[in-house]
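What follows is a short report on a single structure.
Nothing in this text is a laboratory measurement; each read-out follows from the coordinates by a stated rule. Quantities reported herein were computed from a predicted structural model and do not represent experimental measurements. FYI the Cβ positions are ideal-geometry reconstructions off the backbone, even for glycines, and counts take in every protein chain you see.
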Amino acid sequence: MKNYIEFIKWCIGGISLKDEVSRMFLYFGVAFLGSLAFGYPEYWFMAMLCAIVVELAVGTVQFKYRDFKREQENNRLNNG
């Protein structure tokens, strides 16, 4: 039994809200548990789907901004 508890701690310890994939699974988990607790699963899943779409849009902008900053830094190093 102790090994199972250690395994669960290890799995939970690997979850980070900085990771996009972890947040996606968290959204699905919230939608599933919310639909079980309060009913109306279609509303819960639509709300979480909207959250995931916003998450993807924000992630895309962040990725493009990091790429832009990296390109600026490379140009500065090559020209300087």
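On a full-extension model of 0.36 nm per residue, what is the gain between Leu49 and Ser35, subtracting their alpha-carbon distance, rounded to one decimal in nm?
Working: separation 14, 0.36 × 14 = 5.04 nm, distance 1.36 nm.
Net length gain for the segment: 3.7 nm.
Of Gln72, Gly59, Asn3, which is farthest on the positive side of the dipole of the chain, counting Cα position, with +1 on Lys and Arg Cβ, -1 on Asp and Glu Cβ, and the Cα centre as origin?
Of the listed residues, the answer is Gln72.
What lysines does Lys69 reach when the alpha-carbon gap must be under 27 Å and sequence neighbours fewer than 8 apart in one chain are set aside?
Lys18
Among the complete DSSP H segments of the chain, which ones combine at least 18 Å of alpha-carbon extent along their axis with a mean Kyte-Doolittle hydropathy of 1.0 or more?
Details: long enough: 20-38 (26 Å, 1.31); 41-79 (56 Å, -0.34).
The answer, listed by residue number, is 20-38.
Project the alpha carbons of the chain onto their principal axes and report the range along each, largest first, in whole Å.
59, 39, 9
Rounded to the nearest 20 debye, what is the charge dipole size of the stretch 16-79 about its Cα centre when +1 sits on each Lys and Arg Cβ and -1 on each Asp and Glu Cβ?
On the way: 7 positive and 7 negative charges, 56 e Å.
About 260 debye.
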